[in-house]
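See structure below.
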Amino acid sequence: MTVYRLGYVAMSVNLQNASPSQTMTLKSFKKINDWEAAVRRLERIAKSNIQNCLRLLKHNKAHEVDFFRLSSRLVPLATHEELTKWDYMAALKESLKELGRFSEANGMRVDFHPDHFVVLNSPDKEIFQVSLDVLKYHYLLLRYMGLSPDHRCVIHLGGRYADKEQSLERFIDHWAEVPKGIQKMLIIENDDTSYTLENCLYVCEKLNIPQVFDIHHHLANHDGESWEDHWPRVVNSWSHSPLPVKMHISSPKSEKEFKAHADYVDVDLLLDFVKKTNGSAEQIDCMIEAKKKDNALFKLTNELKKHPNIEMQTQSSFRWKD
DNA sequence: ATAGGTCAAGGAAGA
DNA sequence: TCTTCCTTGACCTAT
């Protein structure tokens, strides 16, 4: 029987003044005439973001939530070309270490999902290079947290650029230029406009990359495929990973705005997924992507508790019993 | 104090 | 080939 574990994304709607993604724009950075002072301000913001992450993990621990996506905006302007000589790790390594220690000590799975501006299949060399820089930043955050970066960073295949098949092959070509450590960090998710689950599986199997199945994206972009047919391949793509299979789940905001995320996740969508995948793996981690963040997770678990076939294991994990 | 505008990015889709 | 929209939380500006 499969254990299903729920997690959520980046921030809590319950904790006050705990943003992990406070920022500073380049514009306001430049307004400060003293470069050193401006950098110190950036470092203060970054430290506060990391400390707020720790608060979030403690909040999660209190609710037995041990699966969480960290914000990618912990260090503002970290990858900006105008700040390449800023050694941000010198100021942040202690806070990062503490964050990593806490997550390890409490058996938490934490990971990242940089936004869609990371495009490894871009034909533009500069965009490819900037994408690598952003990935390296994520790699360093994990390293300084003292965590193995393996399979902790979700990305998409990228753009279509008029010729989808050729662009998909370009991802494979570019992969050879991605440093080994970063290769091992990456996992691939099907997206809602271009690359379907099967497109991604083709790449994942070729390059030995775990596949993250996003059911909402699949419903928006499936090309007639049924995910159930491909599910064994998804599970198999994780066979060489020390981490459990991971999937994303969210409900459409409305029929009209189908691709946008709703406040909460429809419990029936999750139950349907559970019924169809039960027994396929030891554990499946389900990332709740909803506007109401942790409240969406809590609402789901409250609904699950009432279901006759659900047996809660902890406050955020459960099993299906026949 | 608060509302509405702006910011940053790359790509898709429409004009 | 161009413009507009998408997405996101938070910052910024005007009231």
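Filter the range A:273-319 down to residues that are polar (S, T, N, Q) and in a loop (DSSP other than H, G, I, E, B) and give me whichever is least open to solvent (accessible area, probe 1.4 Å).
Going through the range A:273-319, the residues polar (S, T, N, Q) turn out to be A:277-278, A:280, A:283, A:295, A:301-302, A:309, A:313-317.
Then keep just the ones that are in a loop (DSSP other than H, G, I, E, B); that gives A:278, A:280, A:309, A:313-316.
Values: A:Asn278: 43, A:Ser280: 46, A:Asn309: 43, A:Gln313: 83, A:Thr314: 48, A:Gln315: 83, A:Ser316: 1 Å².
Across the range A:273-319, the extreme among qualifying residues is A:Ser316.
For every residue, the table says whether it meets (1) within 20 Å of A:Cys286 (Cβ to Cβ); (2) near DNA strand C (Cβ under 9 Å from one of its atoms).
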residue: A:Leu6; (1), (2): yes, no
residue: A:Lys27; (1), (2): no, yes
residue: A:Glu36; (1), (2): no, no
residue: A:Lys61; (1), (2): yes, no
residue: A:Ser71; (1), (2): yes, yes
residue: A:Leu83; (1), (2): no, no
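Starting from the range A:46-62, take each residue that is open to solvent by 10 Å² or more (accessible area, probe 1.4 Å) and list its partners that are assigned to a helix (DSSP H, G or I), counting only C-beta distances under 7 angstrom and pairs at least six apart or across chains.
Pairs found: A:Lys47/A:Leu92; A:Lys47/A:Ser95; A:Gln51/A:Ser95; A:Leu54/A:Glu98; A:Leu54/A:Leu99; A:Leu54/A:Phe102.
Could you check the range A:162-198 and list, in sequence order, the residues that are within 16 Å of DNA strand C (Cβ to nearest atom), of a type in the set (Asp, Glu) and surrounded by fewer than 15 Cβ atoms within 10 Å (Cβ to Cβ)?
A:Asp163
Give the residues of the range A:125-146 that are outside any helix (DSSP H, G or I) and buried (at least 20 other Cβ atoms within 10 Å of the Cβ), sorted by residue number. Break it down stepwise before answering.
Looking only at the range A:125-146, we keep the residues that are outside any helix (DSSP H, G or I), and these are A:145-146.
Once the filter is applied, which keeps residues that are outside any helix (DSSP H, G or I) and buried (at least 20 other Cβ atoms within 10 Å of the Cβ), the range A:125-146 yields only A:Met145.
State all residues of the range A:63-85 that are open to solvent by less than 10 Å² (accessible area, probe 1.4 Å) and over 28 Å from A:Thr301 (Cβ atoms); if no residue qualifies, say none.
Passing the criteria: A:Val75, A:Pro76, A:Leu83.
If you check every pair at least six apart or on different chains, which have Cβ atoms under 8 Å apart with a residue in the range A:170-196 that is more than 16 Å from A:Val154 (Cβ to Cβ) first and a residue that is part of a loop (DSSP other than H, G, I, E, B) and of a type in the set (Asp, Glu) second?
Partner pairs satisfying both residue conditions: A:Thr196/A:Asp223; A:Thr196/A:Glu225.
Select from the range A:148-161 the residues that are charged (D, E, K, R) and either open to solvent by less than 10 Å² (accessible area, probe 1.4 Å) or touching a Leu at 6+ places or on another chain (Cβ under 7 Å) (or both) and list them in ascending order.
Of the range A:148-161, the ones charged (D, E, K, R) are A:150, A:152, A:160.
If the condition is that a residue be charged (D, E, K, R) and either open to solvent by less than 10 Å² (accessible area, probe 1.4 Å) or touching a Leu at 6+ places or on another chain (Cβ under 7 Å) (or both), then A:Arg152 is the only one that fits.
Scanning the range A:24-45 for residues that are surrounded by 14 or more Cβ atoms within 10 Å (Cβ to Cβ) and of a type outside the set (D, E, K, R), which turns out farthest from A:Thr314 (Cα to Cα)? Walk me through how you get there before you give the answer.
We begin by selecting, within the range A:24-45, every residue surrounded by 14 or more Cβ atoms within 10 Å (Cβ to Cβ); these are A:24, A:29, A:32, A:38-39, A:41-43, A:45.
With the extra rule that they be of a type outside the set (D, E, K, R), the set shrinks to A:24, A:29, A:32, A:38-39, A:42, A:45.
Numbers: A:Met24: 39, A:Phe29: 45, A:Ile32: 49, A:Ala38: 45, A:Val39: 43, A:Leu42: 39, A:Ile45: 34 Å.
The qualifying residue farthest from A:Thr314 (Cα to Cα) is A:Ile32.
The values are calculated or read from the model by the stated rules, or taken from the named source; none is laboratory data. Model, not experiment: these values are computed from the prediction. Neighbour counts are summed over all protein chains in view; Cβ atoms, including those assigned to glycine, are modelled from backbone coordinates with ideal geometry. We work out accessible area using only protein heavy atoms, side chains counted, and drop any ligands, DNA or RNA first. Shrake-Rupley method; radii C 1.70, N 1.55, O 1.52, S 1.80 Å.
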